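Here is the structure we will look at, set down as structure tokens.
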Amino acid sequence: MRSRRGLNFARKRRNMSAHVMKEIISWMTHIGIAVFIAFILVYFVGMRTGVIGVSMENTLYSGQQVLVNRLSYLIFGPKEGDIIVFTPNGNRNTHFYVKRVVATPGDVVWIKDGKLYVNNSIVDYGYDKIMDAGIAENELTLDEDEYFVMGDNCNNSEDSRSGNIGPVSRDKIEGRAWFGLGKGVSYSGFIK
């Protein structure tokens, strides 16, 4: 008999061992977990915005970038003293505002003789004499989801004292500014 030589298109089947399958599944699981963790970090902590203007000087400076922690306010709201990032009046077509929370829901805010009063106590964040009391010229009681915010450079800040911004509702708050980044600025690091 003659043997036939030539092209043979029949494929030889290879069996994959159970060990190789376990290894592939293990790698795919690890990659999936890494992608999920990366997504969570980027979504909740990876948002970044810039500071526009001088309203937060001497803490943050114009042009400085801040990272925004969205995760921190999912369960608990902002605390007095936190620096937050929010959209004024919920307008997502404008830039984010970066301001300090000076009063929380239920607090009574009042600016008298250039001083900030919260619940009849003077609050001092190192502000100069406040020249414009705005809507806080009379006592203002915050609703259950409202926060009163001011810039650290209060005499050069458009904030909750302004009628077109007013108290900031919680659903307008994007997150807490928690890390300042920037070239040529005197402050860079964790924001307290």
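Read-outs throughout are calculated quantities, based only on the coordinates presented, and are distinct from any laboratory measurement. Note that the structure is predicted; figures quoted are calculated from it, not measured. Because the Cβ atoms are built from the backbone with ideal geometry, glycine has one as well, and the counts that use them run over all protein chains shown.
Each label point was placed 7 Å from the Cα along the Cα-to-Cβ direction; for Ser26 and Arg48 their separation is 3.7 nm.
In this label model, Ile75 and Lys112 are separated by 3.9 nm, measuring between points 7 Å along each Cα→Cβ vector.
3J(HN,Hα) couplings calculated from phi for region 120-125 with the Karplus curve 6.51 cos²θ - 1.76 cosθ + 1.60 (θ = phi - 60°) are, in sequence order, 6, 10, 6, 10, 10, 9 Hz; Gly and Pro show x. Each label point was placed 7 Å from the Cα along the Cα-to-Cβ direction; for Phe179 and Ile33 their separation is 2.3 nm. What translational D, rounded to a whole number of µm²/s, comes out for region 48-190 from Stokes-Einstein when the hydrodynamic radius is the Kirkwood one over Cα pairs, at 10 °C and 1.306 mPa s? Approximately 105 µm²/s, per Stokes-Einstein. For the listed peptides 21-29, 139-147, a ranking on the average number of other beta carbons within 10 Å per residue, highest first, reads 139-147, 21-29.
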